[in-house]
């Protein structure tokens, strides 16, 4: 995803560059007035950069596939505009699902604390962090039950599922034409091909 920073945002950008630590309140104030998105990691503000078209395409496919599968259920799909709080971290996921009522961070209606399922679309530059650091932070969320990682350069989907003993199992899917992605946290199955609909891979 690409975000343009207008001329009147230069002051804010310079302030971010000059400080090494921000409180959560300072970060939320900057986010409220900014024309770009940024994430917060234990005192650091990280401005989000642009993504490739294929990532955006898979992200759209994902939200549509989840929304269709959840029709009639008490669960709602959200795209990358919704912010998620996990401890002292505030991030944007490519897609997420909340079942039941939304629970917010304090009085901030744009920040939720109770996703059941989170999806990230991987690129070569983000793959390592989404698999380790970001996953570690998401696991702090009590309601969080399933983590879906979708490769963007070749057809592969990994589903991590929380077990009763609080460990996580991994189920990989690689058969684009035949695999059904099982998402037990929301009780649905979605064809793997739905996530990659009309996607043309640049690498094999």
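The values are calculated or read from the model by the stated rules, or taken from the named source; none is laboratory data. Values in this document were obtained by computation on a predicted structure and should not be read as measured data. For neighbour counting, all protein chains shown are included, and Cβ atoms are generated from backbone atoms with ideal geometry for every residue, glycine included.
Numbers at a glance
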{"item": "Some residue of region 101-124 being assigned to a helix (DSSP H, G or I) and crowded, with 16+ Cβ neighbours inside 10 Å", "result": "no"}
{"item": "Residue within region 14-22 that is over 17 Å from the mean Cα position of the chain (by Cα), farther than 30 Å from residue 190 by Cβ and at pLDDT 90 or above present", "result": "yes"}
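This table checks each residue for (1) assigned to a strand (DSSP E or B); (2) crowded, with 16+ Cβ neighbours inside 10 Å.
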| residue | (1), (2) |
| --- | --- |
| 30 | no, yes |
| 36 | no, yes |
| 49 | no, no |
| 63 | no, yes |
| 77 | yes, yes |
